[in-house]
Number of protein chains: 2
Amino acid sequence: MRIIMNPIGVIHSPYKEAKDMPIQGTFKPEVEAWVELKAEYGRGLAGLEGFSHAIILYYFHKSNTEQIQGRPFLEDQMHGIFAIRSPHRPNHIGLSVVRICAIEGNKLYFREVDVLDGTVVLDIKPYVKYFDVRDNVVSGWLDKHFKDGRAPDRTIVK
Amino acid sequence: MRIIMNPIGVIHSPYKEAKDMPIQGTFKPEVEAWVELKAEYGRGLAGLEGFSHAIILYYFHKSNTEQIQGRPFLEDQMHGIFAIRSPHRPNHIGLSVVRICAIEGNKLYFREVDVLDGTVVLDIKPYVKYFDVRDNVVSGWLDKHFKDGRAPDRTIVK
């Protein structure tokens with residue numbers, strides 16, 4: 001079984017390469033980017049303006065390798081690909097929770113950006129408090145890097 | 001540009017059809033299901049056992065229509081497809097946050113299930129407190145259905 005997907009739009013981002021991009025958008029929250037949907041999908045954004053956040057699913061177009069285990073940026077130990085957020089994963093789907101700034105026609109402006117310019121968008125979903133936000137979350141190997149709620153030093157790719 | 005994806009595994013769920021399935025797994029939290037990954041991907045789960053939750057991305061294999069607007073189950077008004085979680089969406093990618101129960105070999109057992117038996121899995125990601133959980137979330141048209149933090153009456157498909 002093979003599944004064929006078609007891009008629904010593209011992301012315009014100030015990050016032209018991985019250098020200087022934060023590992024997650026919340027670490028550089030002031031940066032703004034936007035999704036430009038194909039014209040026929042503009043109507044699909046109706047109602048999203050009432051949400052504070054969205055989930056963007058996209059294609060890691062810069063990765064052409066598939067690793068079963070990898071070393072995450074924050075540390076030197078290897079982990080399974082399903083325990084890290086590396087782009088070098090089966091099917092190369094990326095996921096970001098972003099803060100919605102504005103919606104104008106077929107454009108969705110957002111902050112909390114961790115996506116490269118030119119990234120192909122596969123889907124946008126509303127981020128819903130009642131089932132996407134969980135309490136008592138334990139975050140595996142990441143917890144030791146965020147002691148006392150502080151962001152770690154290595155959050156910006158250099 | 002067309003993107004080809006390959007299933008990495010399948011979900012075994014007690015829900016054989018949409019009837020009696022909750023609209024989101026948190027509304028029937030005691031139900032258990034599991035992902036059975038293809039054998040070669042079992043090593044990719046290493047390290048995920050330290051997380052309380054995972055994000056499963058899957059293919060809505062029962063939908064063969066693409067709607068730009070739709071009526072969500074909870075209400076009678078139409079919204080853009082990117083403001084609802086309907087399966088009848090471009091590229092038919094589904095997303096569920098689930099509670100991890102156990103990992104054994106190439107199997108991931110989980111609760112908070114809202115996925116049909118036989119659903120094809122595209123990716124699994126660790127759910128990370130530091131960038132997947134957001135504060136001050138506003139949930140658009142859904143908020144009026146969850147007044148005072150209570151789940152609405154229409155959370156089980158009948």
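What follows is calculated from the coordinates using simple rules that are stated; it is not laboratory data. All figures in this text were calculated on a predicted structure; none of them were measured in a lab. Cβ: placed from backbone, ideal geometry, glycine included. Neighbour counts: every protein chain shown.
Annotations
- Helical mean residue ellipticity (222 nm; -39500 (n - 2.57) per DSSP H run of 4+; nearest 500) of the protein assembly as shown: -500 deg cm²/dmol
- Loop-located GluC sites (Glu not before Pro) in segment B:26-118, at most 10 other Cβ atoms within 10 Å (DSSP): B:E30
- 4 °C / 1.567 mPa s Stokes-Einstein diffusion coefficient of segment A:80-130, Kirkwood radius on C-alpha pairs, µm²/s: 99
- Reciprocal mean inverse distance between Cα atoms of segment A:6-103 - Kirkwood radius, Å: 15.3
- For segment A:54-112, the Kirkwood hydrodynamic radius from C-alpha pairs, put into Stokes-Einstein at 37 °C and a viscosity of 0.692 mPa s, yields a diffusion coefficient of 249 µm² per second.
- Two-decimal Rg to Rh for the protein assembly as shown - Kirkwood Rh, Cα set: 0.93
- For segment B:32-158, taking the reciprocal of the average inverse distance between every pair of different Cα atoms yields a Kirkwood hydrodynamic radius of 16.5 Å.
- Amide H contacts for A:F51 (H built 1.01 Å from N in the peptide plane; partners 5 or more residues away or on another chain; cut-off under 5 Å): B:G140.
- Inter-chain Cβ neighbour average for residues A:105-117, partner chain, 10 Å: 0
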